[in-house]
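The block underneath contains the structure these notes are about, expressed in structure tokens.
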Amino acid sequence: NQKPPGIFVDETNAALDAIYIMEGRADSPFGVGWFETPTMYAFYLVALFKWLGTTFVALKAASLIPSILTVAAIYPLARLLFGIPTAFAATFILATNRWHMTMSRWGWNEVAPLLFMVGAVYFLVRGTRDRRASDFALGGLLLGLGHYTYLASRLVVLAVALYLLY
């Protein structure tokens, strides 16, 4: 009947969905939950809860993990597009960005789309340069998986399509 201090209602609802799955509720990872939230996020939480326990740390790790991975992933993309100095700058700016740091501490899925977007764009740009089918396949896979993170990822498809048309 109470939620601990420092946990927001969105985190609570996602955690409850994960707990219901752990208790045996049949759900598809490819469906949507409350407010059109992709259910795959709840399955991601289930994995974290099984690994770290159903704890405050596990709930916060749900956003910390993709946030940290995004900082690591921005360097290869920026290096591919603009070179080493810009890659270092982009990595530093993202690592110290107030919005990115704030959202990474809020155990919710709004930081995950950036990780999938950076990965998808990296492989798609590399694919357009090197003409390797594997790069296009990985880019498409990451672009598709991004749709199971947060609703805003739907806009990424438009941006990627415009880039590829360009």
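The values are calculated or read from the model by the stated rules, or taken from the named source; none is laboratory data. No experiment lies behind these values; they were computed from the predicted model shown. Reconstructed Cβ throughout: ideal geometry from the backbone, glycine too, with neighbour counts over all protein chains shown. Protein only, heavy atoms only, side chains kept; ligands, DNA and RNA dropped before computing areas. Shrake-Rupley method; radii C 1.70, N 1.55, O 1.52, S 1.80 Å.
This table checks each residue for (1) touching a Ser or Thr at 6+ places or on another chain (Cβ under 9 Å); (2) closer than 30 Å to Lys50 by Cβ; (3) among the aliphatic types (A, V, I, L, M).
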site	(1), (2), (3)
Ser63	yes, yes, no
Ser67	yes, yes, no
Ile74	yes, yes, yes
Ala78	yes, no, yes
Ile84	no, no, yes
Phe88	no, no, no
Met101	yes, yes, yes
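For Arg79, indicate whether it is assigned to a helix (DSSP H, G or I), over 16 Å from Thr12 (Cβ atoms) and not small (Gly, Ala, Ser).
Answer is yes for this residue.
Mind listing just one residue for me: the one in segment 127-139 that is open to solvent by 60 Å² or more (accessible area, probe 1.4 Å) and assigned to a helix (DSSP H, G or I) and, of those, nearest to Ala161 (Cα to Cα)?
Ranking the qualifying residues of segment 127-139, first place goes to Phe136.
Taking into account only those residues within segment 151-166 that are open to solvent by 80 Å² or more (accessible area, probe 1.4 Å) and within 30 Å of Ala42 (Cβ to Cβ), which is modelled with the highest pLDDT?
Step by step, filter segment 151-166, then rank; the result is Leu158.
What are the residues in segment 18-53 that are assigned to a helix (DSSP H, G or I), modelled with pLDDT under 85 and open to solvent by 30 Å² or more (accessible area, probe 1.4 Å), if any?
Hits for segment 18-53 are Trp34, Phe35, Glu36, Met40.
Test Thr96 against the criterion of being β-branched (Val, Ile, Thr) and either under 25 Å from Val160 (Cα atoms) or at pLDDT below 90 (or both), and give yes or no. Steps first, please.
On the way: β-branched (Val, Ile, Thr): yes; either under 25 Å from Val160 (Cα atoms) or at pLDDT below 90 (or both): no.
Against the criterion (β-branched (Val, Ile, Thr) and either under 25 Å from Val160 (Cα atoms) or at pLDDT below 90 (or both)), Thr96 does not qualify.
Can you name the residue in segment 54-69 that is open to solvent by 60 Å² or more (accessible area, probe 1.4 Å) and not β-branched (Val, Ile, Thr) and is also farthest from the chain's Cα centre (by Cα) among such residues?
The selected residue is Phe56.
Residues that are in contact (Cβ under 8 Å) with a residue 40 or more places away in the chain, within 22 Å of Ala18 (Cβ to Cβ), open to solvent by less than 50 Å² (accessible area, probe 1.4 Å) and of a type in the set (Val, Ile, Thr): does segment 103-116 have at least one?
Taking every residue of segment 103-116 in turn, at least one turns out to be in contact (Cβ under 8 Å) with a residue 40 or more places away in the chain, within 22 Å of Ala18 (Cβ to Cβ), open to solvent by less than 50 Å² (accessible area, probe 1.4 Å) and of a type in the set (Val, Ile, Thr).
In this structure, does Ile74 turn out to be buried (at least 21 other Cβ atoms within 10 Å of the Cβ) and either under 15 Å from Ser104 (Cα atoms) or at pLDDT 90 or above (or both)? Walk me through it before giving the result.
Details: buried (at least 21 other Cβ atoms within 10 Å of the Cβ): yes; either under 15 Å from Ser104 (Cα atoms) or at pLDDT 90 or above (or both): yes.
It is true that Ile74 is buried (at least 21 other Cβ atoms within 10 Å of the Cβ) and either under 15 Å from Ser104 (Cα atoms) or at pLDDT 90 or above (or both).
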